[in-house]
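First the structure, in the form of structure tokens, and then the observations on it.
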Amino acid sequence: MNSLESSISTEVSTSDVMLQMISGFWVSRAIHTAAKLGIADYLKSEPKTVEELAAITNTHTPSLYRLLRALESVGIFVEDDHHRFGLTPLASTLQTDVPGSMRFFAISELGQAHYLGWENLLHSIKTGEIAFDDIAGMSVWDHYLKNSEAGKLFNCAMTSLTAVVLSAIICSYDFSAFNTVVDVGGGQGSLVTSILKAYPIVKGIVFDIPTVIEEAKSCVQAQGFADRCTVVSGNFFESVISNPGKCT
């Protein structure tokens with residue numbers, strides 16, 4: 001008996017387990033919807049009834065109630081005896097401005113661009129080509145250029161994901177051996193600025209496409225690292241920085 005077989009209870013059939021796996025995207029899409037509506041933010045101060053939440057989010061009350069009940073069944077949100085919904089530790093990660101926030105990641109990664117790509121996965125398996133490019137007629141990066149709001153959400157998603165793993169990266173690797181650290185595809189620069197904060201003698205470079213790099217400049221300046229961190233625009237699919245010491 002392998003590890004997977006031994007982990008499955010004798011009271012739960014393999015068909016039951018497979019059913020849960022197949023229907024997993026239902027939960028993912030429910031999380032995406034709740035994140036997009038900002039439900040967790042509205043529950044930050046106190047629990048609210050579904051009627052209150054529906055009024056705030058301009059949604060259909062009975063349908064929103066079903067959504068919240070479905071998420072409650074997997075530990076996201078909780079309903080009290082007065083039919084008010086509140087936060088759970090999982091639901092708290094869907095708040096906007098909290099450490100470990102996954103709200104923007106849920107919105108972006110479970111949104112249109114990535115959803116289209118996964119829908120067309122079979123094309124990639126058959127041809128080796130990029131699924132999104134085939135179904136959308138453009139690269140996902142061009143999609144973000146044409147849809148600035150989606151692009152901003154993606155950048156925020158990457159920043160929030162980086163924040164979750166930052167402490168592990170800083171604790172696991174010694175960057176003091178380097179004069180300059182370059183983050184290729186560095187987005188808003190949160191990884192580099194965190195390294196610079198931990199290693200005062202190290203300098204940094206954030207390398208990303210022009211539309212992203214402007215926001216990175218603002219973030220680097222806001223963190224107080226403008227004198228130690230350079231932002232450079234480019235396309236890493238075409239080339240990357242070959243001599244960081246010559247960047248200005």
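The values are calculated or read from the model by the stated rules, or taken from the named source; none is laboratory data. All of these numbers come straight from a predicted model, not from anything done at the bench. When we count neighbours, we look across all protein chains shown, and the Cβ atoms used for this are built from the backbone with ideal geometry, even at glycine.
Okay, here's what the table says:
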| read-out | value |
| --- | --- |
| Total residues in the stretch 37-74, condition of a type in the set (Val, Ile, Thr) and part of a helix (DSSP H, G or I) | 5 |
| Answer residue from the stretch 164-184, given it is closer than 24 Å to TRP141 by Cα and surrounded by 16 or more Cβ atoms within 10 Å (Cβ to Cβ) and is farthest from the chain's Cα centre (by Cα) among those | VAL182 |
| Residue satisfying all of: in the stretch 86-112; surrounded by fewer than 21 Cβ atoms within 10 Å (Cβ to Cβ) and of a type in the set (Ser, Thr, Tyr); farthest from the chain's Cα centre (by Cα) among these | THR88 |
| Residue tally, condition part of a helix (DSSP H, G or I), among the aliphatic types (A, V, I, L, M), free of Cβ contacts under 8 Å to residues at least 60 places away in the same chain and in the same structural domain as MET158 (by TED's automatic domain parsing), over the stretch 90-132 | 6 |
| Which numbered condition TYR115 misses (of (1) touching a helix residue (DSSP H, G or I) at 6+ places or on another chain (Cβ under 8 Å); (2) surrounded by 15 or more Cβ atoms within 10 Å (Cβ to Cβ)) | (1) |
| Residue match in the stretch 73-85 (condition: touching a strand residue (DSSP E or B) at 6+ places or on another chain (Cβ under 9 Å), surrounded by 20 or more Cβ atoms within 10 Å (Cβ to Cβ) and farther than 26 Å from LYS152 by Cα) | yes |
